[in-house]
Structure formats: C-alpha cells, structure tokens
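Q: The structure follows.
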Amino acid sequence: MKKIAIGVVAALLLSGFAYSPAFAETSSAPVEASGSGMVDEEKLESAFNDAGLTLEDVDASLTKISVETTSDLGSGEPVTALTTLSFEDSSALFSLGSIDTDYNANYSIQIQELNDEATSFTMTDLATGETESYADDVGYAAFVPALVLGIPIALEILKTLLVASAVVIVAGVTWIAATNAIDALNKKGSSYQHFRAMILNGKLVLANGMSLSAAITWGRGGKDTWSRSEAGALAVAKGIKNGLAVVGPERDSGGRGKFAHFHPSNRTPAMHAFFGLPN
C-alpha cells in the first residue's frame, strides 16, 4: 500500500540545515512539519508510471525524501529500487536489487544538476568504489555491469522526482519554486524575512533564509532576493547602495505570475529585490 508523508516543502523550509532550501541558517532549530500536502500522490504515481516504474512507497522527513519503486531492465527481469534524496547536500543513496535473484547493489549519487534544463550526477558503487558520471549532453560509458544496470534506473527516478515536486538542483544547490515555498511559509511561519532567489526558466525559485545584512551582501553580488514584505525588500535594495534612492517598486509585464520588486539605485548591480506574492 502506497503512503505519502506530507509536508515535504514545509519540512525543507523549517528543518534548519545549512546550504539547502530549508530557508534557515545553521543556528535555526528544526521544527516538526505536517499537514501541508505539498507532495501530490496522484501526480507522483502517474509520473513514475510514465517512466515505466511502479511506485510502491514514498516517505519524507525533514531532510530527505525516499521512494521505493519496482521496474524491469527491459528484458522482463523485475527489480526493486530504494532511492533516498537528501536535501542537505543534494546527494542520494540508491539501492537496487533483483526480485527473482540474490543480486543487489548499493550506490551513492552526488547530484550536480536536476532541473528542466539539465541532469548530471556522479554515481559510485559502494562495494567496489567504481565511479561513473552521467550528463544529458554526453550520456555515460560505464563498463562496470553494476553501474550499467543502475544508472538508467536512477536517472529515471531522479527525473521523475523533479517532475512531481517543487524542488530543483542547480550547481549542487537545492531550490524550491517560490509559490510553493511561500505557501508553506505562510502556513508554518519562519523567523527569516529574506531569502536567496533566482529566476530559473522564467520562474522564481528560493533557497536559504537570511538576515537583512546577509541579504544586502548577497544582493551586492548581483544576486536576487525575496522578502516577505515590501518594506523588507525596500530595505534590501536601499542597503545595497548604502541608503541611496531605489528604483521601484515595479512589476515586469508579460502576463500573470510576476513578482513586484525593487532595484538598487541606477539599477546597479543588476539584481531584483522581490517581495510578496505574484500577480
């Protein structure tokens, strides 16, 4: 029987681990998350079915999500796989075993990219230490049977998790779609008012929570921020140029889903201090 542990995105927002989409710094204490229903069981199951995988079980905690699937190797041999994706460091543990034989293998996966534009990761057989890398543009050329077997299945599982969740990984850093993140923040709250932001494929995504001073430093590097209030975003944009008058607030044209934002004085550096909800 399938199960879904609810609150994945809320858990990320509140977990307090560093360098992740937890929207908290290392000193922040973990908070139990429940009830936001951010994982769509029907969508997840459908996505796995489309990939030729059967979803058996899903479980999420404050720092990871695990999925158990069954599939075949294209030759009809059924295999089971348990994949645990860590939100702390964008890594995964992947176990693969044959249902009809005693074959089993365990791998570690370090993910560099997992988003609509690219997928790349490095996979290591924990028993032998053999390592193979995969990237969309070059594929893989593993000669180790265990890796030849494991990479295609791991690839499908990781891509399916991308399709069915609000999480993406870019350059080894995990980000959450802003609309999902804001919904979870509104339900669960946060001690942080400012967050790292980035526009990915035309959509705003968010990462770590920051203090005002950290947000100003981040913005001075030409990187975007998102604040929970207009006053907060104004403080970020003004602080970047040491109090000089800012540009905005303004909202880009081109349909709905746009966030209002400020720019620092003279629009330099070229960053956005986003705030609030999209239109």
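Every number in this text was worked out from the coordinates using simple rules, so none of it is lab data. These numbers were taken from a predicted model, which means no experiment stands behind them. Here the Cβ is made from the backbone with ideal geometry for all residues, glycine too, and neighbour counts use every protein chain on show.
Q: Amide H to amide H under 5 Å from PHE275: which residues, 5+ apart in sequence or cross-chain, H placed 1.01 Å off N in plane?
A: Result for PHE275 returns SER227, ALA260.
Q: Could you compute the FRET efficiency for ALA135 and ASN201, with r as their C-beta to C-beta distance and R0 at 25 Å, rounded to 0.05? It would help to have the intermediate numbers written out before the result.
A: On the way: r = 19 Å, r/R0 = 0.74.
After rounding to 0.05, the efficiency reads 0.85.
Q: Got a sec to turn the phi values of segment 109-123 into Karplus ³J(HN,Hα) couplings, 6.51 cos²θ - 1.76 cosθ + 1.60 with θ = phi - 60°, whole Hz, x for Gly and Pro?
A: 10, 10, 9, 8, 9, 8, 7, 5, 8, 7, 10, 8, 7, 10, 10
Q: While we're here: Quick check: residue separation of ALA127 and LYS159 times 0.36 nm, minus the Cα distance between them. What number comes out in nm? Please list the in-between numbers first.
A: Details: separation 32, 0.36 × 32 = 11.52 nm, distance 2.51 nm.
Once the chain is fully extended between ALA127 and LYS159, it gains 9.0 nm.
Q: Using the beta-carbon distance between THR268 and ASN115 and R0 = 22 Å, what value does 1/(1 + (r/R0)^6) give for FRET efficiency, to the nearest 0.05?
A: E(calc), rounded to 0.05, equals 0.20.
Q: Which percent, nearest 5, of DSSP beta bridges in segment 170-251 are antiparallel?
A: Values: 13 of 13 bridges.
The antiparallel fraction comes to roughly 100 percent.
Q: Sequence-distant or interchain residues sharing an amide H contact under 5 Å with ASP224, placed H: which?
A: HN-HN under 5 Å from ASP224: ALA197, HIS272.
Q: Calculate, in nm to one decimal, what TYR103 and LYS258 gain on full extension: separation in residues at 0.36 nm each, minus their alpha carbon distance.
A: Working: separation 155, 0.36 × 155 = 55.80 nm, distance 5.08 nm.
Length gained between TYR103 and LYS258: 50.7 nm.
Q: Starting from the Cα of SER191, step 7 Å along the direction of its Cβ; do the same at ASN242; then give the gap between the two resulting points in nm.
A: 3.2 nm
Q: Only four residue types carry charge here, +1 at the Cβ of Lys and Arg and -1 at the Cβ of Asp and Glu. Report the dipole size of segment 211-279 about the Cα centre in Debye, rounded to the nearest 20.
A: 60 debye
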